[in-house]
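The values are calculated or read from the model by the stated rules, or taken from the named source; none is laboratory data. Computed from a predicted model, the values in this text were never measured in an experiment. Cβ coordinates were reconstructed from backbone atoms using ideal geometry, including for glycine residues, and neighbour counts include every protein chain displayed. Side chains included, ligands, DNA and RNA excluded: accessible areas come from the protein's heavy atoms. Shrake-Rupley method; radii C 1.70, N 1.55, O 1.52, S 1.80 Å.
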Amino acid sequence: MAPQQTGSRKRKATAIQAGAATSSSQISAAADGEGPLLPKKQKRPATRRSLVHYLKGREVGAWGGAGLSGSEGELRGCAVQKLPELLRERELALGTLNKVFASQWLNARQVVCGTKCNTLFVVDVHSGQITRIPLMRDRGAWLARAQPTCGIHAIELNPSKTLLATGGENPNSLAIYQLPTLDPVCLGDRHGHKDWIFTIVWMSDTVAVSGSRDGTVALWRMDPDMFNGSIAWHNDAGLPVYAHIRPRDMETIPRSSTSPSNRKVRALAFSGKNQELGAVSLDGYFHLWKARSTLSRLLSIRLPYCRENVCLTYCDELSLYAVGSQSHVSFLDPRQRQQNIRPLCSREGGTGVRSLSFYQHIITVGTGHGSLLFYDIRAQKFLEERASTSPDASPGPSGRKLKLTCGRGWLNHDDLWVNYFGGIGEFPNALYTHCYNWPEMKLFVAGGPLPSGLHGNYAGLWS
């Protein structure tokens, strides 16, 4: 594996590390960490059962995530259900970047994002500062001749938050960076995908799976020697360099009889409990593999709603996959022949479900019409707005679906906008990505205009 130079990024990596260090000194709760559990025999202080106390406690990392007592677990469940109606938006300016497709929290104040214009950047949600990250380049220049407009569709952190997987300069390639420095580790550009990577999941700290528009799923294994310091991955000038790797296994999804040419792999989700990998393809099918050192296909199921199946998520607690389509979210339990949870309809004018996430029994839905919806799986209904009939009465359900509408963002008023869209002043932003920072009860949301020809962006911090 021949290392390859990426160009100077020392100053950028230092800035990112400095931002992370600042956040750790100013904010005691890490974005992905949770407080230690109390010893079994230690006397527990009296529980204060106020929701406000619970939320404030989460701000300073006072509550653990697993093994909660009954009362604490109830408070946490209540907070998850109450949080959406408490969220307020603060828009973040992204300049002229085009459509944010992917995002992940790096720490308490920094989010890493990927865009349609093939830009990988870190935004500080406190200061608004944007730091661009250099992309890794394929070994041969001829390999990078993919269409430049497809961009970065996936960003995923491994379980220990030590590695980040995303796309390369060539969107067909898998790029791995080390955290928190964002130094390059390796690039999967050898014998890999022949078309754009749409989705990535981690199976473990060193094994990732990517899904591509070419109809294949690739399993990649990272050699720990590449990032644990035993190999000096720097050249004589002190610049970071990286290795070129090939997949350990590749599987092609079966062609459907109804749409044999449209088997693009659009989204993946991994069940750690069952060691299974779920995938949705644009021909309207859900596929399941047993995922060990290789992938072994278990089944393929025709989805009830087959148009624009572009997002997928998995809930370990419920052993349930959720698939987002043009106007519905469908729920699948591969072990049940009869699906007991009815699909939900987003009723957002056919603009589609563009992003999904599970947390406990609440699923967050980002739509193509600039709104966030929240669905309670247990109650099988959307969360509702609260209404109070009098100042002294406690607020009750209003009967209206709770919907958070995102801001205007930025739209480029170019010739295409004038000639093809009649100079329409506003377009709702498709919410292509959202990610929670649960320890601090914050939600990062991003996207851009839904029509493919329009150039614009939106990013907001809801807290």
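Among residues that are surrounded by fewer than 20 Cβ atoms within 10 Å (Cβ to Cβ), touching a residue at least 12 places away in the same chain (Cβ under 8 Å) and under 29 Å from LYS82 (Cα atoms), HIS369 is not included. Taken over region 155-191, the residue count meeting the criterion of being outside any strand (DSSP E or B), over 16 Å from PRO134 (Cβ atoms) and open to solvent by 10 Å² or more (accessible area, probe 1.4 Å) is 8.
To keep it simple, each residue is scored yes or no on (1) over 21 Å from GLY366 (Cβ atoms); (2) free of Cβ contacts under 8 Å to residues at least 60 places away in the same chain.
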| residue | (1), (2) |
| --- | --- |
| PRO84 | no, no |
| ASN98 | no, no |
| ARG137 | yes, no |
| GLY140 | yes, yes |
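Of the candidates ARG132, ARG137, the single residue that is at pLDDT below 95 and either closer than 30 Å to ARG90 by Cβ or assigned to a loop (DSSP other than H, G, I, E, B) (or both) is ARG137.
Restricting the search to strands (runs of 3 or more DSSP E) fully inside region 242-309 and requiring at least 1 residues that are acidic (Asp, Glu) gives 249-252, 276-281. Please give the number of the condition ILE197 fails out of (1) under 14 Å from ALA279 (Cβ atoms); (2) within 19 Å of the chain's Cα centre (by Cα); (3) open to solvent by 20 Å² or more (accessible area, probe 1.4 Å). Only one criterion is unmet by ILE197, namely (3). Screening region 210-241 for residues that are in a helix (DSSP H, G or I) and under 19 Å from ARG190 (Cβ atoms) and picking the one that is modelled with the lowest pLDDT gives MET226.
Here GLY272 passes the criteria (1) buried (at least 20 other Cβ atoms within 10 Å of the Cβ); (2) under 18 Å from the mean Cα position of the chain (by Cα) except the one numbered (1). For region 314-329, a tally of residues being of a type in the set (Gly, Ala, Ser) and under 18 Å from VAL265 (Cα atoms) returns 3. In the set (1) at positive phi; (2) modelled with pLDDT of 90 or more; (3) not hydrophobic (A, V, I, L, M, F, W, C), LYS290 fails one condition alone, (1). In this entry, LEU416 is excluded by the filter for residues that are open to solvent by less than 10 Å² (accessible area, probe 1.4 Å) and either touching a helix residue (DSSP H, G or I) at 6+ places or on another chain (Cβ under 9 Å) or in a helix (DSSP H, G or I) (or both). Within region 333-351, the only residue that satisfies the criterion of being open to solvent by less than 10 Å² (accessible area, probe 1.4 Å) and either among the hydroxyl-bearing types (Ser, Thr, Tyr) or within 17 Å of the chain's Cα centre (by Cα) (or both) is SER346. In this structure, does ASN309 turn out to be polar (S, T, N, Q) and open to solvent by less than 70 Å² (accessible area, probe 1.4 Å)? For ASN309, the condition - polar (S, T, N, Q) and open to solvent by less than 70 Å² (accessible area, probe 1.4 Å) - is met. With respect to the conditions (1) under 26 Å from ASN262 (Cβ atoms); (2) in contact (Cβ under 8 Å) with a residue 60 or more places away in the chain; (3) under 17 Å from the mean Cα position of the chain (by Cα), CYS315 falls short on a single one, namely (1). In region 419-454, how many are more than 17 Å from THR351 (Cα to Cα) and in a loop (DSSP other than H, G, I, E, B)? Summing the residues that are more than 17 Å from THR351 (Cα to Cα) and in a loop (DSSP other than H, G, I, E, B) in region 419-454 gives 5. On the stretch given as region 146-159, residues that are modelled with pLDDT of 95 or more, among the polar types (S, T, N, Q) and out of contact with any strand residue (DSSP E or B) (no Cβ under 6 Å at 6 or more places or on another chain) total 0.
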